[in-house]
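Student: The following block contains the structure, expressed as structure tokens.
The values are calculated or read from the model by the stated rules, or taken from the named source; none is laboratory data. Since the structure is predicted, the reported quantities are computational estimates derived from the model, not experimental observations. Cβ sites come from the backbone with ideal geometry, for glycine too, and all protein chains shown count toward neighbours.
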Amino acid sequence: MKKAKHTDATATYIGADAVIRGEIQFVGTIRIDGKVEGKIISDAGVAIVAENALVKADINVSVAIVSGQVHGNIYANRRIEIYPPGRVDGNVMAPVISVEAGSVINGTCAITARTISFEKEGGAPDAALTV
């Protein structure tokens with residue numbers, strides 16, 4: 001399995017020597033090489049947990065890519081990708097979950113339905129379809 005290529009530039013970077021405690025809310029892409037404790041939240045963002053990162057947080061994003069350690073639950077509305085030596089000690093839930101050989105999930109894994117919204121003219125949601 002090939003690692004996904006990302007064309008979006010990393011908007012936020014947490015370096016290897018950084019330790020963040022609290023809630024992180026972001027837009028775009030965040031790359032974590034350091035330590036984070038708390039919550040990581042983004043409605044449409046991409047969270048990358050790099051190989052040497054240690055995250056003790058629940059992650060709620062659009063796309064989560066894990067090569068480091070996550071101690072917490074991961075909820076993604078698009079997909080979750082876990083690559084070796086990635087380890088998740090918690091539950092993972094997304095419409096698409098990709099786990100490469102050599103990665104570890106110590107928790108439950110749930111594939112969720114995708115929800116597609118249809119909008120009326122003017123941008124207001126008209127209906128939703130779950131597939």
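Student: Within the bounds of the range 97-114, is there any residue that is over 15 Å from the mean Cα position of the chain (by Cα) and modelled with pLDDT under 95?
Tutor: Among the residues of the range 97-114, at least one is over 15 Å from the mean Cα position of the chain (by Cα) and modelled with pLDDT under 95, which makes the answer yes.
Student: Sticking with this one: Condition first: farther than 22 Å from LEU54 by Cβ and touching a Ser or Thr at 6+ places or on another chain (Cβ under 6 Å). Now tell me which residues in the range 82-102 satisfy that.
Tutor: Once the filter is applied, which keeps residues that are farther than 22 Å from LEU54 by Cβ and touching a Ser or Thr at 6+ places or on another chain (Cβ under 6 Å), the range 82-102 yields only PRO95.
Student: Moving on to the next point. For the list (1) exposed (fewer than 15 other Cβ atoms within 10 Å of the Cβ); (2) of a type in the set (Gly, Ala, Ser); (3) within 14 Å of the chain's Cα centre (by Cα), I need the number of the one condition that ALA9 fails.
Tutor: Answer for ALA9: the failing condition is (3).
Student: Of the conditions (1) surrounded by fewer than 19 Cβ atoms within 10 Å (Cβ to Cβ); (2) closer than 21 Å to THR10 by Cβ; (3) modelled with pLDDT of 95 or more, ALA44 satisfies every one except a single condition; which number is it?
Tutor: (3)
Student: Name the pairs whose Cβ atoms lie under 8 Å apart, with the first residue in the range 18-39 and within 24 Å of PRO85 (Cα to Cα) and among the polar types (S, T, N, Q), the second at pLDDT below 95 and part of a strand (DSSP E or B), and 6 or more positions between them or separate chains?
Tutor: Note: pairs meeting the criteria are THR29/THR12.
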